[in-house]
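What follows is a short report on a single structure.
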Amino acid sequence: MPMTDTARAQLQIHFCVLLWGFTAILGKLISLPALPLVWWRMLLVVAALALVPRVWRGLRALPPRLFLGYAGIGVVVSLHWLTFYGAIKLANASVAATCIALAPAFTAVIEPWVAKRPFRPRELALGVAVLPGVAMVVGGVPDGMRVGVAVGALSALLVAVFGSFNKRLVEHADPLTVTGIELGAGTLALTALAPLLPLLMPAFDGDLLAVPGLYDGTLLLVLALGCTLLPFALSLVALRHLSAYSVQLVTNLEPVYAIVLAALLLGEQRELTPLFYLGVAVILGAVFLDPLLARRTAARQPAPGDVQHPEVLGTSEARQVVD
């Protein structure tokens, strides 16, 4: 029997989330420090978008104030990626992916203020519910990885910040143009930050001018094009046939995919204790419970201030794919 549009879209979204799960694995495999890794990734995506006429048309139509707003968000995006890959280098891919699952807890507090929508106690309660899981995750990693947990939590906070601002501005410009502006501004921000990084975060520092070797260069191309632009474009197609709830439920699987891939490809399960995975289960349980409760609430009465046109912005590692 021929596949329906909805079924095809479901497969496309699962494929996108699987690709996003690979970003943590590639970050571990690439030998570059966090700074040049993120800088090259952003630069490659911007270079690819510069070849798309639609991006330039959208850029010409954008008011200067809105351009500056997206550029500011791009700086936060670059810091998120820097800390995300820093967490991978300081700990491992499983730890970094798990920490990103903390983003909903931060979003519950930040988004109502930024997006000018009502505060929802349910969201904060679920955010607090993940704290025992965080404690288990910290207790389930070796002492040498706990700095990576702290950096990963900072990365999740930055996800909440730029995701909330993106939600506020998402309807005002073409998504591809927005992605190009944000990643372009992020690339410039990291270039300016590079001389200060040895003093601020020496563990992330690296030479931006050093051209990656064949191995790292190939993986960077896969990361930039295969795990950023491809899922971004594919998810735009899938969103034509799926509800925001359906997409959010699938994107909650990203940490699961990352942890499974890390175990299969990197053998990271040997570095972590059962307490870590129990903590992961608690965190993911809260993350999955949130959209289920939200769906029941929405069935009774739509919340004022919600975005009614879900869009994808291909700059998020975590769950800021749609609202």
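The values are calculated or read from the model by the stated rules, or taken from the named source; none is laboratory data. Because the structure is a prediction, the values reported are computed rather than measured. As a convention, Cβ positions derive from the backbone with ideal geometry for all residues, glycine included, and neighbour counts pool all protein chains shown. Only protein heavy atoms, including side chains, enter the accessible area calculation; ligands, DNA and RNA are left aside. Shrake-Rupley method; radii C 1.70, N 1.55, O 1.52, S 1.80 Å.
For region 206-225: of the residues being part of a loop (DSSP other than H, G, I, E, B) and at pLDDT 85 or above, which is nearest to THR83 (Cα to Cα)?
Start the filter on region 206-225 by keeping residues that are part of a loop (DSSP other than H, G, I, E, B), which leaves 206-213.
Subsequent filtering for residues that are at pLDDT 85 or above retains 206-208, 211-213.
On the way: GLY206: 14, ASP207: 17, LEU208: 17, VAL211: 22, PRO212: 20, GLY213: 23 Å.
The qualifying residue nearest to THR83 (Cα to Cα) is GLY206.
Residues considered: LEU68, LEU37. Of these, the only one that is open to solvent by 40 Å² or more (accessible area, probe 1.4 Å) and either more than 16 Å from GLY180 (Cβ to Cβ) or not in a loop (DSSP other than H, G, I, E, B) (or both) is LEU68.
Please go through region 48-86 and give me each residue that is among the small types (Gly, Ala, Ser) and more than 23 Å from the chain's Cα centre (by Cα), ordered by number. Give the steps one after another, and end with the answer.
Here is the first cut: in region 48-86, the ones among the small types (Gly, Ala, Ser) are 48, 50, 58, 61, 69, 71-72, 74, 78, 86.
If the condition is that a residue be among the small types (Gly, Ala, Ser) and more than 23 Å from the chain's Cα centre (by Cα), then GLY58, ALA61 are the ones that fit.
Here the condition is being open to solvent by less than 60 Å² (accessible area, probe 1.4 Å) and over 20 Å from the mean Cα position of the chain (by Cα); of VAL134, VAL114, VAL128, VAL141, it holds for VAL141 alone.
Please find, among THR251, THR228, the residue that is among the β-branched types (Val, Ile, Thr), open to solvent by less than 10 Å² (accessible area, probe 1.4 Å) and modelled with pLDDT under 85.
Values: THR228 fails: modelled with pLDDT under 85.
Answer to the selection: THR251.
For the structure I just gave you, tell me whether LYS89 is at pLDDT 85 or above and either over 14 Å from the mean Cα position of the chain (by Cα) or open to solvent by 10 Å² or more (accessible area, probe 1.4 Å) (or both). Considered against the rule, which asks whether it is at pLDDT 85 or above and either over 14 Å from the mean Cα position of the chain (by Cα) or open to solvent by 10 Å² or more (accessible area, probe 1.4 Å) (or both), LYS89 comes out as yes.
Annotation for region 47-65: at least one member residue is in contact (Cβ under 8 Å) with a residue 60 or more places away in the chain, closer than 23 Å to THR218 by Cα and part of a helix (DSSP H, G or I). Restricting attention to region 173-198, the residues that are part of a helix (DSSP H, G or I) and over 16 Å from PRO36 (Cα atoms) add up to 8.
Please determine whether any residue of region 1-9 is over 18 Å from the mean Cα position of the chain (by Cα), modelled with pLDDT under 90 and of a type in the set (Ser, Thr, Tyr). Before the answer, list the steps.
Step one: of region 1-9, the residues over 18 Å from the mean Cα position of the chain (by Cα) are 1-9.
Pick out the ones that are also modelled with pLDDT under 90 and you get 1-9.
Going one step further and asking which of them are of a type in the set (Ser, Thr, Tyr), we end up with 4, 6.
The answer is yes, given that some residue of region 1-9 is over 18 Å from the mean Cα position of the chain (by Cα), modelled with pLDDT under 90 and of a type in the set (Ser, Thr, Tyr).
Candidates are the residues of region 144-172 that are open to solvent by less than 50 Å² (accessible area, probe 1.4 Å), β-branched (Val, Ile, Thr) and at pLDDT 85 or above; the one that is farthest from LYS89 (Cα to Cα) is VAL161.
Does any residue of region 211-220 turn out to be of a type in the set (Asp, Glu), closer than 30 Å to GLN12 by Cα and either crowded, with 16+ Cβ neighbours inside 10 Å or touching a helix residue (DSSP H, G or I) at 6+ places or on another chain (Cβ under 7 Å) (or both)? Explain how you work it out, then say what you get.
Taking region 211-220 and keeping what is of a type in the set (Asp, Glu), we get 216.
Add one more test, that the residue is closer than 30 Å to GLN12 by Cα, and what stays is 216.
With the extra rule that they be either crowded, with 16+ Cβ neighbours inside 10 Å or touching a helix residue (DSSP H, G or I) at 6+ places or on another chain (Cβ under 7 Å) (or both), the set shrinks to 216.
Scanning region 211-220 turns up at least one residue that is of a type in the set (Asp, Glu), closer than 30 Å to GLN12 by Cα and either crowded, with 16+ Cβ neighbours inside 10 Å or touching a helix residue (DSSP H, G or I) at 6+ places or on another chain (Cβ under 7 Å) (or both).
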